[in-house]
1. What do you get for the angle between helix 143-155 and the principal long axis of the chain? Use alpha-carbon atoms, 0 to 90 degrees, nearest ten.
2. At Lys223 and Lys379, where each label point lies 7 Å from the Cα along Cα→Cβ, what is the point-to-point distance in nanometres?
3. Val262's amide H: which non-local residues (gap 5+, or another chain) put their own amide H closer than 5 Å, with H modeled 1.01 Å from N in plane and none for Pro or chain starts?
4. Kirkwood-based Rg over Rh for the range 2-127 (C-alpha set), two decimals?
5. With axes computed from alpha carbons, what is the tilt in degrees of helix 244-256 against the longest principal axis of the chain, rounded to the nearest 10 within 0 to 90?
6. What is the distance, in nm, between label points placed 7 Å from the Cα along the Cα-to-Cβ direction at Asn14 and at Ala68?
7. By count of other Cβ within 10 Å, fewest leading, how are Ser339, Ser205, Ser217 ordered?
8. Show me the trypsin sites (Lys or Arg not before Pro) within the range 281-349 that DSSP assigns to loop and that have at most 11 other Cβ atoms within 10 Å of their Cβ.
Amino acid sequence: MKILIIDDERSIRNSLKEILSDEGYEVDTAEDGAQGVQAALAGHYDVIFCDIKMPVMDGTEVLSKLSAEEIESAIVMISGHADISTAVECIKKGAFDFIEKPLDLNRILITIKNATDKATLTTQNKVLKKKVFGTARMIGESAPMQHIRDIVAKVAATPARVLIEGPNGSGKELVARSLHAQSDRAGAPYIEVNCAAIPSELIESELFGHEKGSFTSAIKQHKGKFEQADGGTLFLDEIGDMSLAAQAKVLRVLQENKLSRVGSDADIKVDVRVIAATNKDLRKEIEAGNFREDLYHRLSVIVIKVPSLDERKEDIPLLVDYFVEQICQETAMPRKTFSPEAVKLLQERSWKGNIRELRNVVERLLILGDQIITEQNVKEYV
């Protein structure tokens, strides 16, 4: 771990460097704020200790400059003239912590450990987001896919609700994730709910939560998906399978931005962007009395139609390459290549299961096929 100490008092710089070096840390020093900023921008430091009262450039200016540069270091402010208002101001500007002089070794070591833990969590969070959203790219250069990308780029930054229509396995959830990732809610929760996978008697509890004792198995209070997604995005997949009773409650949340848990009359305010998806024709469902027309109009401010794979077969070569890369990376499987004839044969067949079926086929061929997957392999295993 690398640490930078910015302090105009030589004795403090040297003693702190000596102590932290003995603890196994790599330590650099700077004798004023300007030198400190230059050092911080030139090299990566895990933790920066910065005095507040310094000539040339004081600590609050250093903090402002480094925050503006969005460096990832944990900045710890130190001062012998500390007061609550100064500490609060530093924290507001992005300081990780605030320590008063005379410096206490135990407090310093605890602060470094906390900064390390935070950095680890931040890194894990970035890796997780990359796994979730980095693999959610919409692959394809066909006209329908270019059209979808154009709509997503225009709509993502707005609060508009989006209804995504398309057959099973066509990639509706990827469009939803892309909308969230490109929105100003990208740093907030993204919660998915498959309405078709939840029994109708449990859907209300799942979406809106319940109070302890509200029904037989409610042994403790439970926050629903709307509350979990507060400040972020809620993706309601296969919303056409939702019960009419649950639809009425969803409509209320969309109208009033508040909900009540099962077993409670208390209102809870929520700020959630709802993206819905369906493989059904909701207009026909409305005519059949299975879906509320008022809810449909609330959800369909923007409608995005995702084509079936058969409607964009020119994207199959790109999808095959993408799935080969993804599957081999995830499974540590030796990388194989598809011959042009094999890919052409895949383009010629019909894909009722859409993207999902194609991915399964690519994985099967990677396992069973030759090093260069041939037309014969496709005929034999598909």
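1. Taking the Cα atoms of the chain, the angle to 143-155 is about 50 degrees.
2. 5.8 nm
3. Residues meeting the criterion, in which the H sits 1.01 Å from N, are Gly209, His210, Glu211.
4. Details: Rg = 13.4 Å, Rh = 14.4 Å.
Result for the range 2-127 is an Rg/Rh of 0.93.
5. Taking Cα atoms only, the helix is inclined about 40 degrees.
6. 3.5 nm
7. Numbers: Ser339 17, Ser205 20, Ser217 8.
Least to most surrounded, the residues fall as Ser217, Ser339, Ser205.
8. Numbers: sites: Arg283, Lys284, Arg292, Arg298, Lys305, Arg312, Lys313, Arg335, Lys336, Lys344, Arg349; in loops: Arg292, Arg335, Lys336, Arg349.
When the trypsin sites (Lys or Arg not before Pro) of the range 281-349 are filtered for loop state and at most 11 Cβ neighbours within 10 Å, Arg335 remain.
Where a number appears in this text, it was derived from the coordinates with a stated rule and is not lab data. Since the structure is predicted, the reported quantities are computational estimates derived from the model, not experimental observations. All Cβ positions, glycine included, derive from the backbone under ideal geometry; neighbour counts span all protein chains shown.
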